[in-house]
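What follows is a set of notes on a single structure, which appears directly below.
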Amino acid sequence: MVQQARNLSMALGATIPLGGLTEGSDVAAAAVHLTSDKTSFVTGVVLPVDGGRMVA
């Protein structure tokens, strides 16, 4: 079962242009960016944190 999960993870990772699955730290970095002063004029945005999979 564990080996199947690893194989699935590797197979899914291979479909992502940046070459891996999204991790919690990736989502956290996006959240921190959206709450920073750099994005004070941003309202109502959908920000995919998917390593480019959405456009591939």
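Summary table below
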| quantity | calculated |
| --- | --- |
| Where a residue in the stretch 28-40 is within 15 Å of residue 50 (Cβ to Cβ) and its partner, wherever it lies, is surrounded by 11 or more Cβ atoms within 10 Å (Cβ to Cβ) and not acidic (Asp, Glu), with Cβ under 6 Å and at least six apart | 30/47; 30/49 |
| Residue identified as in contact with a Gly (Cβ under 8 Å, 6 or more places away or on another chain) and of a type in the set (Ser, Thr, Tyr) among 43, 22, 35 | 22 |
| Scan of the stretch 14-56 for residues that are assigned to a helix (DSSP H, G or I), under 11 Å from the mean Cα position of the chain (by Cα) and surrounded by 12 or more Cβ atoms within 10 Å (Cβ to Cβ), ordered by number | 26, 27, 29, 30, 53 |
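Every number here is computed from the coordinates shown, using simple stated rules; none is lab data. Computed from a prediction, not measured in an experiment: that's the story for all the values here. Using ideal geometry, Cβ is built from the backbone for each residue, glycine included, and neighbour counts are taken over all protein chains shown.
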